[in-house]
Structure formats: structure tokens, C-alpha cells
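To start, the structure under review is shown below, and the notes come after it.
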Amino acid sequence: MSWLTTLNLSNNYLTGSIPDSLSKLRQLESLDLSYNALTGKIPRGLTNLSSLEAFSVAYNNLSGPTLGVQPQFDTFDNRSYEGNPNLCGPPLSQSCFSNHDTKLPSFPDGAEDHRRDESIDFLILFGSFALFFVVSFWGFMAVLYFKRDWRFALFALVDEFGDMMYVRVVLFERKIRAARRDN
């Protein structure tokens, strides 16, 4: 049933753990497992559901970390997880680390570092293009300002190109009119 886009199993008195096989439903856009008696951890395999827009496991008996730091799951708020007193991690206020532990949670598989690297790469790419455009444009303008013969040659080239395009448009228009008259 890989074509399935919505799966609502809420209020069905389901027990046991959430099956990892749900991650095979790649087209899934909505997954609602709320108001059941599910236990265990939320399977990490659910992060493969890249089309997921709605997600709820509220009011079960789940434990362990949420998937809140994973791409796609960081868009869901605490209402998706409420009613599970043993769940911890973002977006919930309950931390998965004890208060005396000063170690900050690391993002799995470097997800946050990857996002930061992508945004820096985009800024570098955009900045390079902008700098190239500005330097090229003003360099070209400076050459035209100081080199009179180049400026005249460019204007003659543009004028010649305009004349050529005008002639082609007029000839094309005449061909169309002649073809209409023949029909």
C-alpha cells in the first residue's frame, strides 16, 4: 500500500509499539496514531516519510526522545506529542538529559550542521554572483567611458543588430500576409 497518503488510526485502542514498517509508506502525508495505548519509542524510520505534513501520536504511553530535531519533524509542535508523560526532546519542554548533565544534545547525522552548511553555501554562491555582476558591469562601463572608439563600435553594432531585426520582422510579416491572401 505504498500509494497510501493518509493513515488515521486514532481512537482504536491499539497496543504495542509503533511498527517501523510504517516508514515504507513513502507517499504518506498524514499519520494520526493518537488516543491509543501504544508503548515504546517512536521509530527513527519515520524520518524517511519526507511528504509527511500532519503527524500525531498524542495520548498514548510512548517514551524516549521525539523526532523533533529531524527534518520534517521539526515542523510539528508539542500537540503532536502531548499526553505521553515519558516522551522528551523538542518540541516538548522536557529534556532528555538530566539537569546535572551539561552535555548539549547533538543533532543526529549532523542534520543541523548540514542545514547551516547549506545556508552558508547559498550565501557564498549568491555573493559571488553579485560581486561578479557588479565588477563586470562597472568594468565594462569604465572601458566604454574611456575608450571612445570601442564605444562607437558598440553603438554601431547595436544599431546594426536593431536594423537587422527590424528587416527580419518586416519580411516575416509580409510572408504571413501573403500566406493569408493565398488561402
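Can you name the residue in region 132-171 that is over 46 Å from the mean Cα position of the chain (by Cα) and among the aromatic types (Phe, Trp, Tyr) and is also least open to solvent (accessible area, probe 1.4 Å) among such residues?
Per the stated criteria, the residue is 152.
Only one of these is within 21 Å of residue 95 (Cβ to Cβ), open to solvent by less than 40 Å² (accessible area, probe 1.4 Å) and more than 20 Å from the chain's Cα centre (by Cα): 62, 33, 4. Name it.
Going through 62, 33, 4 in turn, the sole match is 62.
For region 43-56, does any single residue satisfy the condition of being surrounded by 15 or more Cβ atoms within 10 Å (Cβ to Cβ), among the β-branched types (Val, Ile, Thr) and assigned to a helix (DSSP H, G or I)?
Yes, that holds for at least one residue.
For region 8-30, enumerate the residues that are open to solvent by less than 60 Å² (accessible area, probe 1.4 Å) and among the β-branched types (Val, Ile, Thr).
18
For region 72-93, give me the residue count where each residue is in a loop (DSSP other than H, G, I, E, B), of a type outside the set (Ser, Thr, Tyr) and surrounded by 14 or more Cβ atoms within 10 Å (Cβ to Cβ).
9
One residue is enough: does region 73-83 have a residue meeting the conditions modelled with pLDDT of 80 or more, more than 22 Å from the chain's Cα centre (by Cα) and acidic (Asp, Glu)?
Scanning region 73-83 turns up at least one residue that is modelled with pLDDT of 80 or more, more than 22 Å from the chain's Cα centre (by Cα) and acidic (Asp, Glu).
The values are calculated or read from the model by the stated rules, or taken from the named source; none is laboratory data. Note that this is a predicted model, so its numbers are computed, not measured. With ideal geometry, Cβ positions are generated from the backbone for all residues, glycine too; neighbour counts draw on all protein chains shown. What goes into the accessible areas is simple: the full protein's heavy atoms, side chains included, and nothing from ligands, DNA or RNA. Shrake-Rupley method; radii C 1.70, N 1.55, O 1.52, S 1.80 Å.
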